[in-house]
């Protein structure tokens with residue numbers, strides 16, 4: 001029997017939530033862009049900076065060993081969080097964007113031939129679209145877009161029909177950052193694997209909201225960012241199946257990724273270091289590990305249930321406001337609520353909401369082609385995290401009503 | 001910093017009923033403006049009579065600040081020679097960005113274009129300055145196109 005979710009306790013773990021914005025209580029509803037940090041993460045980074053810091057994998061002195069141990073413990077923490085087989089499959093990168101670029105360039109460089117095809121969905125963030133455009137352009141391959149339905153869910157049958165003899169990669173988001181749709185990743189990956197097609201899942205919007213088990217999902221690559229998981233910015237993770245990573249050449253050259261170097265040539269280090277040239281973001285990895293501890297202490301199922309209740313409350317209340325249109329009504333939806341208000345541009349809505357202490361994202365959400373598809377220039381987007389409460393939702397709805405008043 | 005200093009009645013009115021909305025065809029010059037941050041897009045078309053802007057229209061999609069700014073600009077520059085338009089651009093730019101710029105309408109009243117002073121509230125909302133200035137940058141690009149420069153989209157980012 002688990003204890004009820006204590007959101008007041010959770011809120012007290014996040015120092016920033018007690019500050020005011022424009023003289024109002026802060027209702028932070030932009031966790032989809034970046035989550036806030038709990039005290040546990042701030043303290044873990046602080047402890048590292050004040051007690052452990054040195055470079056990793058380099059020295060014989062005590063601090064170097066302590067820093068290396070903490071950094072590698074963080075890697076093991078990440079492995080457990082996503083249930084990877086080995087820490088050799090956990091590559092630290094700057095974030096989701098860098099993880100996808102790494103695969104698009106390195107995997108694409110050795111795999112793609114003219115006439116090959118890569119499939120992404122119509123929902124993709126620019127980070128899971130533009131790297132593939134670049135890889136296709138470099139290799140003469142074709143990028144194909146799997147369609148979505150009016151609710152924002154992938155049209156699975158149409159996607160399956162697109163898989164062909166030239167399809168080399170399926171790269172899709174796990175949860176849409178605009179419409180909230182949770183894609184049927186298991187089915188997508190199973191269909192691809194049956195046909196010998198590689199898969200990459202953009203997990204940026206998923207890892208803080210549901211249990212991610214890369215082996216159960218059956219993906220070849222999985223990418224996510226720490227700062228959308230209550231951890232520091234500037235660090236993220238590329239997961240790759242060991243056999244695939246092993247077969248790839250390195251990405252960037254430099255320190256740490258080599259075994260031996262002569263003036264003319266070099267040999268490569270083992271996984272995961274082969275893909276980690278240069279001094280990594282050590283404190284970031286340690287902060288990310290602390291964030292994972294924190295999230296698991298709350299329980300991902302409990303967080304998901306809490307966020308789902310907030311989403312339902314906000315959806316029901318916003319639909320009572322005349323002129324509201326929801327963008328994204330898939331049956332299986334994450335903690336994302338995109339909407340437009342007739343007669344009020346999302347950018348104006350964002351300013352008015354900010355004035356009321358409500359932080360949302362207004363814009364194209366790094367998904368310009370999806371905006372075109374939806375026929376809107378932009379949307380307003382509220383996204384929920386473990387610390388949001390009913391008052392945040394009510395403050396949002398009151399501010400939207402206020403925006404209607406301002407625009408008469 | 002109050003909302004009604006940003007969303008003044010004249011701005012809301014120009015947003016609801018933009019003046020000179022549409023496209024001139026044929027036009028002597030055309031330029032496209034884009035604010036990638038919020039997705040605002042607008043197109044300015046104009047006709048010249050000698051050195052003066054004889055007609056100007058704009059269309060596109062944007063927030064209230066960008067639509068109202070473009071609408072008020074279209075009224076303000078019509079019939080004006082290039083030199084006056086350039087001077088106006090400088091004054092609007094100052095109005096939008098300089099904390100000590102005169103915010104009352106007297107600055108503009110002598111020109112008979114007092115409405116533009118309604119944009120003075122924008123400078124209290126730094127994230128919105130580009131919304132208000134997009135149309136002016138696009139107008140400048142259109143005027144530059146007149147001189148045979150290669151037309152290129154104007155971005156405020």
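I'd like to check something: does segment A:158-172 contain any residue that is assigned by TED's automatic domain parsing to the domain that holds residue A:127, loosely packed, with under 15 Cβ neighbours inside 10 Å and either assigned to a strand (DSSP E or B) or touching a helix residue (DSSP H, G or I) at 6+ places or on another chain (Cβ under 6 Å) (or both)?
yes
Among the residues of segment A:371-393, which ones are modelled with pLDDT under 95, more than 8 Å from chain B (Cβ to nearest Cβ) and either within 30 Å of residue A:293 (Cα to Cα) or assigned to a helix (DSSP H, G or I) (or both)?
A:372, A:373, A:374
Can you go through A:67, A:73 and tell me which one is in contact (Cβ under 8 Å) with a residue 60 or more places away in the chain, within 24 Å of residue A:49 (Cβ to Cβ), assigned by TED's automatic domain parsing to the domain that holds residue A:231 and surrounded by fewer than 16 Cβ atoms within 10 Å (Cβ to Cβ)? Let's see the steps before the verdict.
On the way: A:67 fails: surrounded by fewer than 16 Cβ atoms within 10 Å (Cβ to Cβ).
It is A:73.
Do any helices (runs of 4 or more DSSP H) lying entirely in segment B:1-77 carry at least 3 residues that are under 14 Å from residue A:345 (Cα atoms), and which ones are they?
Where helices (runs of 4 or more DSSP H) fall fully within segment B:1-77 and carry at least 3 residues being under 14 Å from residue A:345 (Cα atoms), they are B:9-16, B:64-77.
Starting from residues that are touching a helix residue (DSSP H, G or I) at 6+ places or on another chain (Cβ under 8 Å) and modelled with pLDDT under 85, keep the ones in segment B:125-152 and report whichever is surrounded by the most Cβ atoms within 10 Å (Cβ to Cβ).
Within segment B:125-152, the match that is surrounded by the most Cβ atoms within 10 Å (Cβ to Cβ) is B:151.
How many of the residues making up segment A:320-356 are within 13 Å of chain B (Cβ to nearest Cβ) and either in contact (Cβ under 8 Å) with a residue 60 or more places away in the chain or in a loop (DSSP other than H, G, I, E, B) (or both)?
8
Each row is one residue, and each column tells you yes or no for (1) in contact with a helix residue (DSSP H, G or I) (Cβ under 9 Å, 6 or more places away or on another chain); (2) within 14 Å of chain A (Cβ to nearest Cβ).
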position: B:23; (1), (2): no, no
position: B:33; (1), (2): yes, yes
position: B:37; (1), (2): yes, yes
position: B:45; (1), (2): yes, no
position: B:58; (1), (2): yes, no
position: B:89; (1), (2): yes, no
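Among the numbered conditions (1) more than 14 Å from every other protein chain (Cβ to nearest Cβ); (2) touching a helix residue (DSSP H, G or I) at 6+ places or on another chain (Cβ under 6 Å), tell me where residue A:315 comes up short.
So residue A:315 meets the others, but not (2).
Go through the residues of segment B:6-19 one by one and say whether even a single one is away from chain A (no Cβ under 14 Å) and surrounded by fewer than 23 Cβ atoms within 10 Å (Cβ to Cβ). Let's see the steps before the verdict.
Step one: filter segment B:6-19 for residues away from chain A (no Cβ under 14 Å), giving B:19.
The next check asks that each one be surrounded by fewer than 23 Cβ atoms within 10 Å (Cβ to Cβ); those that pass are B:19.
The answer is yes, given that some residue of segment B:6-19 is away from chain A (no Cβ under 14 Å) and surrounded by fewer than 23 Cβ atoms within 10 Å (Cβ to Cβ).
Restricting the search to segment B:82-95, which residues are surrounded by 14 or more Cβ atoms within 10 Å (Cβ to Cβ) and over 17 Å from residue B:69 (Cα atoms)?
B:82, B:84
Kindly provide the set of residues from segment A:287-301 that are surrounded by fewer than 17 Cβ atoms within 10 Å (Cβ to Cβ) and either touching a strand residue (DSSP E or B) at 6+ places or on another chain (Cβ under 7 Å) or closer than 30 Å to residue A:339 by Cβ (or both), ordered by number.
Hits for segment A:287-301 are A:299, A:301.
Would you say residue B:122 is within 14 Å of chain A (Cβ to nearest Cβ), buried (at least 19 other Cβ atoms within 10 Å of the Cβ), more than 23 Å from residue B:83 (Cβ to Cβ) and at pLDDT 65 or above?
Taking the combined requirement at face value, the residue satisfies it.
The values are calculated or read from the model by the stated rules, or taken from the named source; none is laboratory data. Since the model is a prediction, treat every value here as computed from it, not as a measurement. Note that each Cβ is placed from the backbone with ideal geometry, even for glycine, and that neighbours are counted across all protein chains shown.
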